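Chemist: Let me begin by handing over the structure; questions about it come next.
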Amino acid sequence: MTAVCVMVLGTTSGAGKSWLTTALCRHYARQGLKVAPFKAQNMSNNARVVAGSGGALGEIGSAQYFQALAARAEPEVRMNPLLLKPEADTRSQVVLMGQVSEELSTMPWRGRSEKVWPAITAALDALREENDVVVIEGAGSPAEINLHASDIVNMRIARHAQARCLLVTDIDRGGAFAHLYGTWALLPEDERALIKGFVLNKFRGDATLLAPGPQMLQDLTGVPTVATLPMWWQHGLPEEDGVFDDRTLASGAVQTTIAVIAWPRISNLDEFQPLKNVPGVRLVWARTPADCAGADWIVLPGSKATVADLAWLRTQGLDRAVAEHAAQGGAVLGICGGLQMLGEALIDTHGIDGNAPGLGLLPLVTAFDPQKTVRHTQTRFSALAGHWRALSGVEAAGYEIHHGQTAQHPAMAAKGDVAREVIPGLAWQNAAGNVLGCYLHGLFEDPRVLHALFGASAPTLESVFDGLADFLQTHVEPGVLDALIQPD
């Protein structure tokens, strides 16, 4: 088989490409079709562990991981052959076909495109041979004319696959018709022909007030507006790059306020999405000590630049806020990079991340290792004390992505100051029982953990995916989604 390709482009980042791609994956899968997602290049520090080539595990962007689940397909590296994980404003770790490439990571961006293009097209072509429909997500805007010559993720992919493209815009930002027309107008004629419909996303108000805009736009471009999608805050799917807003209060009175430190290189923040849907839980993204005031928990999440983010934490005064919270018996949780920061020291003899003193809340030391740990993990907590005792004996499944290796601090251990190891080599807590550090990502996506901690559950991913597809079918013009996959 050779799959038909449907592609979602956006006038800007954040226009709604990722969730629309996810909804399309579930829609076509519900038609009994074999479906796979694809994004040639993703830039994100939200990554998941998936099947790679030759039995090895690899990394892809979280968005493609969720899109694969929505498509009822096994997530694998071909669905996101190139992943860029930003480490600084001008530097990213490059992951090609699931594996870190030091060569590509040090190569200038423009020179990298032709180097990776064969792997990208091979991945897409292989997926097309095995599926009925491949739903492709673009990146940013396809009309970045300064990048067009080296494009490997938008219109070059669309031309290669002869994809039927939808162009989505965020109407809540204003200027939606100008965004759509300007994007279309900047594309060459052969690329304009691939755009089959415009989508207005995040609309609030009376849709009749849009007239005569859609018709005028169609008169100018020949492209119809095929959907006006209402604003929908609580669809339950993590946003591609995370959404730092105040709309994080689930139903019921607030019983637990959780402050997650939002440092500049935060990674895998999508794992906190289930907390936004737990009754009685308020999730706060903390960038200042004031944001931590009144919190029951403070969470130090993952980081793609642990030492740099630790320095930022200190600059903001958040190190003192975390220390004071812990000293008062408040719950502190560190995940992956956050765990490393909780220790006494971070040691880097290989030039990976840097050296730094830790926050000293756990008697641990972390050494950075060139070999990256990438794996799925199923484990069980042993007996815990204090605040985290509810996790005692609880089974948990998640994933690990880290360079650091963490162990008891030898000098402190010699003096009898040791951390309770509650998962061998993966999780430790302090003697008081209120500080817990863990390498396991995805804890809050495990219903057993949610139930133990909150006595509640969040919506299942299956219900989220079906809700997205239902929403799309309700608001897209009749026949459009079927027409996109009909033979020419």
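The values are calculated or read from the model by the stated rules, or taken from the named source; none is laboratory data. These numbers were taken from a predicted model, which means no experiment stands behind them. Every residue, glycine among them, receives a Cβ derived from its backbone with ideal geometry; neighbour counts consider all protein chains shown. Just so you know, the surface numbers come from the protein's heavy atoms only, side chains and all, with ligands and any DNA or RNA stripped out. Shrake-Rupley method; radii C 1.70, N 1.55, O 1.52, S 1.80 Å.
Chemist: For residues in the range 366-406 being assigned to a helix (DSSP H, G or I) and out of contact with any helix residue (DSSP H, G or I) (no Cβ under 7 Å at 6 or more places or on another chain), which is surrounded by the most Cβ atoms within 10 Å (Cβ to Cβ)? It would help to see each step written out before you state the result.
Modeler: Applying the first criterion (assigned to a helix (DSSP H, G or I)) to the range 366-406 yields 386-391.
Narrowing the set further to residues that are out of contact with any helix residue (DSSP H, G or I) (no Cβ under 7 Å at 6 or more places or on another chain) leaves 386-389.
Working: Gly386: 16, His387: 21, Trp388: 23, Arg389: 13.
Checked the range 366-406; the qualifying residue surrounded by the most Cβ atoms within 10 Å (Cβ to Cβ) is Trp388.
Chemist: Turning to a different aspect of this structure: Inside the range 17-45, can you point out the residues that are buried (at least 23 other Cβ atoms within 10 Å of the Cβ) and assigned to a loop (DSSP other than H, G, I, E, B)?
Modeler: Answer for the range 17-45, where residues must be buried (at least 23 other Cβ atoms within 10 Å of the Cβ) and assigned to a loop (DSSP other than H, G, I, E, B): Lys39, Ala40, Ser44, Asn45.
Chemist: So which residues in the range 237-274 are in a strand (DSSP E or B) and either under 16 Å from the mean Cα position of the chain (by Cα) or modelled with pLDDT under 80 (or both), if there are any at all? Can you show your working first?
Modeler: From the range 237-274, those in a strand (DSSP E or B) are 249, 256-261, 266-267; that's our starting set.
Within the range 237-274, Leu249, Val260, Ile266, Ser267 qualify.
Chemist: Something else now. Residues in the range 104-112: is at least one in a helix (DSSP H, G or I), aliphatic (A, V, I, L, M) and modelled with pLDDT of 95 or more? Don't jump to the end; show me each part of the working.
Modeler: First, pick out the residues of the range 104-112 that are in a helix (DSSP H, G or I): 104-105, 109-112.
Subset that is aliphatic (A, V, I, L, M): 104.
When the remaining residues are screened for being modelled with pLDDT of 95 or more, the result is none.
Checked the range 104-112: no residue is in a helix (DSSP H, G or I), aliphatic (A, V, I, L, M) and modelled with pLDDT of 95 or more.
Chemist: Identify the residue in the range 123-142 that is closer than 17 Å to Asn42 by Cα and aliphatic (A, V, I, L, M) and, among all such residues, is surrounded by the fewest Cβ atoms within 10 Å (Cβ to Cβ).
Modeler: In the first step, residues of the range 123-142 are kept if they are closer than 17 Å to Asn42 by Cα; the result is 123-124, 134-142.
Subset that is aliphatic (A, V, I, L, M): 123-124, 134-136, 139.
Numbers: Ala123: 20, Leu124: 25, Val134: 27, Val135: 32, Ile136: 28, Ala139: 23.
Taking the candidates together, the pick is Ala123.
Chemist: Within the range 450-463, can one find any residue that is under 30 Å from Glu87 (Cα atoms), crowded, with 18+ Cβ neighbours inside 10 Å, in contact with a strand residue (DSSP E or B) (Cβ under 9 Å, 6 or more places away or on another chain) and touching a residue at least 40 places away in the same chain (Cβ under 8 Å)?
Modeler: No, every residue in the range 450-463 fails to be under 30 Å from Glu87 (Cα atoms), crowded, with 18+ Cβ neighbours inside 10 Å, in contact with a strand residue (DSSP E or B) (Cβ under 9 Å, 6 or more places away or on another chain) and touching a residue at least 40 places away in the same chain (Cβ under 8 Å).
Chemist: Are there any helices (runs of 4 or more DSSP H) wholly within the range 407-488 with 2 or more residues that are modelled with pLDDT of 95 or more, and if so which?
Modeler: Numbers: elements: 410-414, 447-454, 461-475, 480-484.
Of the helices (runs of 4 or more DSSP H) lying wholly inside the range 407-488, those with at least 2 residues that are modelled with pLDDT of 95 or more span 447-454, 461-475, 480-484.
Yes or no, residue by residue, for (1) under 17 Å from Cys165 (Cα atoms); (2) among the polar types (S, T, N, Q); (3) in a helix (DSSP H, G or I):
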residue: Asp190; (1), (2), (3): yes, no, yes
residue: Gly197; (1), (2), (3): yes, no, no
residue: Asn201; (1), (2), (3): yes, yes, no
residue: His235; (1), (2), (3): no, no, no
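Chemist: Identify all residues within the range 340-350 that are polar (S, T, N, Q) and surrounded by 23 or more Cβ atoms within 10 Å (Cβ to Cβ); write none if there are none.
Modeler: Result: Gln340, single match.
Chemist: Looking at the range 476-488, which of its residues are open to solvent by 60 Å² or more (accessible area, probe 1.4 Å) and either hydroxyl-bearing (Ser, Thr, Tyr) or under 28 Å from the mean Cα position of the chain (by Cα) (or both)? Before you say what the answer is, go through the steps one by one.
Modeler: Within the range 476-488, the first condition is being open to solvent by 60 Å² or more (accessible area, probe 1.4 Å), and the residues that meet it are 477-478, 482-483, 486-488.
Passing the criteria: none in range.
Chemist: For the range 253-294, enumerate the residues that are among the small types (Gly, Ala, Ser), in contact with a strand residue (DSSP E or B) (Cβ under 8 Å, 6 or more places away or on another chain) and over 15 Å from His441 (Cβ atoms).
Modeler: Step one: filter the range 253-294 for residues among the small types (Gly, Ala, Ser), giving 253, 259, 262, 267, 280, 286, 290, 293-294.
Applying the additional criterion that residues be in contact with a strand residue (DSSP E or B) (Cβ under 8 Å, 6 or more places away or on another chain) yields 259, 262, 267, 280, 286, 294.
Scanning the range 253-294 gives Ala259, Ala262, Gly280, Ala286, Gly294.
Chemist: Here's a follow-up. When you check Ser62 against the structure, is it open to solvent by 30 Å² or more (accessible area, probe 1.4 Å) and closer than 30 Å to Gly175 by Cβ, yes or no?
Modeler: When the stated conditions are applied, Ser62 does not pass them.
Chemist: Of the residues Arg48, Arg78, which is touching a Leu at 6+ places or on another chain (Cβ under 6 Å) and either on the phi < 0 side of the Ramachandran plot or free of Cβ contacts under 8 Å to residues at least 40 places away in the same chain (or both)? Step through it out loud before you land on a result.
Modeler: Numbers: Arg48 fails: touching a Leu at 6+ places or on another chain (Cβ under 6 Å).
Exactly one of Arg48, Arg78 is touching a Leu at 6+ places or on another chain (Cβ under 6 Å) and either on the phi < 0 side of the Ramachandran plot or free of Cβ contacts under 8 Å to residues at least 40 places away in the same chain (or both), namely Arg78.
Yes/no per residue for (1) among the aliphatic types (A, V, I, L, M); (2) crowded, with 23+ Cβ neighbours inside 10 Å; (3) modelled with pLDDT under 95:
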position: Trp285; (1), (2), (3): no, no, yes
position: Gly338; (1), (2), (3): no, yes, no
position: Ile352; (1), (2), (3): yes, no, yes
position: Leu362; (1), (2), (3): yes, yes, no
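Chemist: In the range 341-363, what residues are among the hydrophobic types (A, V, I, L, M, F, W, C) and either touching a His at 6+ places or on another chain (Cβ under 6 Å) or part of a loop (DSSP other than H, G, I, E, B) (or both)? Steps first, please.
Modeler: Initially, the range 341-363 is screened for residues among the hydrophobic types (A, V, I, L, M, F, W, C), giving 341-342, 345-347, 352, 356, 359, 361-362.
Those that are among the hydrophobic types (A, V, I, L, M, F, W, C) and either touching a His at 6+ places or on another chain (Cβ under 6 Å) or part of a loop (DSSP other than H, G, I, E, B) (or both): Ile352, Leu359, Leu361, Leu362.
Chemist: Filter the range 160-204 for residues that are open to solvent by 40 Å² or more (accessible area, probe 1.4 Å) and in contact with a Lys or Arg (Cβ under 6 Å, 6 or more places away or on another chain); which is farthest from Thr221 (Cα to Cα)?
Modeler: Asp172
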